Each structure stands twice: as structure tokens, then as C-alpha cells.
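Asks: Handing you this structure, nothing more for now.
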Amino acid sequence: MHAERYSVPPETIEKVRAARAAGRRVVAVGTTSVRALEAASAQTYDGHALEGDTRLFITPGYKFAWVDALITNFHLPQSTLLMLVSALAGMEPIRRAYAHAVQSRYRFFSYGDAMFIESPQQ
């Protein structure tokens, strides 16, 4: 898994914490945002941005700490990103979504083909 540099500003951390405390969900936009938030969740917050390099590889079975849902495009088969979305939504719902996308001739890796996925634990 390649490393990604991330920085989560204090304002974002406070909003995530407030949402979690109020029982609201956190919706990430893009898989990089998911990795950044989940990597940051493992750090001790001291009022400053949480940042670093992450090699976090999110696969089915991963327990999400901050992210409850995701808006992302359709990812290529056998990719690390497909593993991440499967970890969040579950393997079978993702298989069904991709079968529908193929049958409906969605244009993978194109602007405009996106999906909203959420954890079944919601």
C-alpha cells in the first residue's frame, strides 16, 4: 500500500468529534479523505492539526473509528480502493452495486459516476 501524506485541521477534528458526540454520522468525500480521517483518529489530539504519512490499508473487517459513509467514484476491480469501499459497505452490497453499474453501462473512472455508501452498522 502506498503512503499518502495527510493533514486534518483542528476545525475538521472538532466537527468530527461534535458529530460523533451528537450521534450524527461523518460522511467522507473520497477515499483519500477516509484514509486521512481514519489515520488521524489513531493520533492524540492536542489542539493542532493531525498529520503524517499513512500506509493504512483498509480491508473488509476494518473497524472504522470516524467515518460512517463515503461519496466516491466506482473503482477498478482488484484495487486497494475497491477493498476500502467493501470494508465500509460490505462485500455483497458492493458486488450488487457493481453488477448494476456494469448492466447499466456506467462509465467507470469517469466524472459523474459516483456512489454514496454507508456502513451497515449505522
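A short reminder: the numbers here are calculations on the coordinates, not readings from a lab. Everything numeric here is computed off the predicted structure, so don't read it as measured data. Neighbour counts are summed over all protein chains in view; Cβ atoms, including those assigned to glycine, are modelled from backbone coordinates with ideal geometry.
Asks: Along its three principal axes, how long is the range 1-60 when you only count alpha carbons? Whole Å, largest extent first please.
Replies: 34, 26, 17
Asks: Hey, another quick one. Once you order the gyration tensor axes a ≥ b ≥ c over the Cα atoms, which shape class does the range 63-114 get: rounded for a/c under 1.5, otherwise prolate or oblate by comparing a/b with b/c? Can you show the working numbers first?
Replies: Numbers: a/c = 1.99, a/b = 1.63, b/c = 1.22.
Prolate, since a/c reaches 1.5 and a/b exceeds b/c.
Asks: So for the chain, averaging the separation of alpha carbon pairs under 8 Å that are six or more residues apart and normalising by length, what relative contact order in percent results?
Replies: On the way: 169 pairs, mean separation 34.8, N = 122.
Over the chain, the number comes to 29 percent.
Asks: OK, next. Whole number please: convex hull volume per residue of the Cα set in the chain, in Å³? Display every interim value, and only then the final one.
Replies: Values: hull volume 13.3 nm³, N = 122.
Once divided by residue count, the hull of the chain is 109 Å³.
Asks: Ok, one more. How high is the FRET efficiency between HIS2 and ALA42 when r is their beta carbon distance and R₀ equals 22 Å, given to the nearest 0.05? Kindly include the intermediate steps, with their values, before the conclusion.
Replies: Details: r = 19 Å, r/R0 = 0.84.
Computed FRET efficiency for HIS2 and ALA42 comes out at 0.75.
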